[in-house]
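Q: Provided herewith is a single structure, encoded as structure tokens, for subsequent inquiry.
The values are calculated or read from the model by the stated rules, or taken from the named source; none is laboratory data. All values derive from a computational prediction rather than experimental measurement. Backbone-built Cβ (ideal geometry, glycine too); neighbour counts: all protein chains shown. Protein only, heavy atoms only, side chains kept; ligands, DNA and RNA dropped before computing areas. Shrake-Rupley method; radii C 1.70, N 1.55, O 1.52, S 1.80 Å.
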Amino acid sequence: SASIKCIMHILFLDDLGKCGGAFATVNSSSTNSDPAHGLSESQPTFKCNGHVAFGIPGPEDQLLCREAYAVGYDYDKKIPAWVAYRLTPDSVNKKFKRSNKFKQDTSIPIQYRSTLSDYRGSGYDRGHMAASAAVDSSYIAMLESFLLSNMVPQLPGLNRQGWRYLESYIREWTN
């Protein structure tokens, strides 16, 4: 039988704001009901299209399921505490033109949302945690990658150089 090659990469920020990566086996205790995104009252485990197949890496205030990635969102910091996504050669080789349409995530309560003005004049880039070029397997997935719930403040040098190279290597390793 044919083997399936898959990379699950989970990125998160620790309490000091340092970036790390992990695979985890902890299940969420969330009991929200949303069958379309993997939640139900009878089975409170967050599934999210297979993006958290190895479990949820840490605590979060809100779980967000997107077409191409999952997010554990931190209300206090207004950024993702972690992001998880499943990559396959098929998913990373589909390309949709980058939109650059950064938007607030309206699924987050307004008082906890990051806004475009949070970044304006700050000296920081809006850095993707789930890289647009890695999760743009559909037009919707590409647009969702520009939600501010998928962004963290990154120094321009890191975002445009080191982080960009890491994102490129992840796509290359997936193939």
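Q: Within segment 147-155, is there a residue that is assigned to a loop (DSSP other than H, G, I, E, B) and at pLDDT below 90?
A: no
Q: To continue, here is another question. Please specify each residue of segment 100-151 satisfying the condition of being open to solvent by less than 30 Å² (accessible area, probe 1.4 Å), polar (S, T, N, Q) and touching a helix residue (DSSP H, G or I) at 6+ places or on another chain (Cβ under 8 Å).
A: Passing the criteria: 114, 132, 145, 150.
Q: Can you find a residue that is among the small types (Gly, Ala, Ser), modelled with pLDDT of 85 or more and open to solvent by less than 40 Å² (accessible area, probe 1.4 Å) anywhere in segment 56-63?
A: Checked segment 56-63: no residue is among the small types (Gly, Ala, Ser), modelled with pLDDT of 85 or more and open to solvent by less than 40 Å² (accessible area, probe 1.4 Å).
Q: Does residue 168 qualify as being part of a loop (DSSP other than H, G, I, E, B) and open to solvent by less than 70 Å² (accessible area, probe 1.4 Å)?
A: no
Q: Going by the structure shown, is residue 86 in contact with a Pro (Cβ under 8 Å, 6 or more places away or on another chain), closer than 24 Å to residue 63 by Cβ and charged (D, E, K, R)?
A: Judged against the criteria, residue 86 is not a match.
Q: Only one of 93, 32 is modelled with pLDDT under 95, open to solvent by 20 Å² or more (accessible area, probe 1.4 Å) and over 27 Å from residue 175 (Cα atoms). Can you tell me which?
A: One residue alone meets the criteria, 32.
Q: Oh, and also: Please pick out the residue among 141, 134, 130 that is within 22 Å of residue 56 (Cα to Cα), out of contact with any Pro (no Cβ under 7 Å at 6 or more places or on another chain) and either β-branched (Val, Ile, Thr) or modelled with pLDDT under 90 (or both).
A: Exactly one residue qualifies, and that residue is 134.
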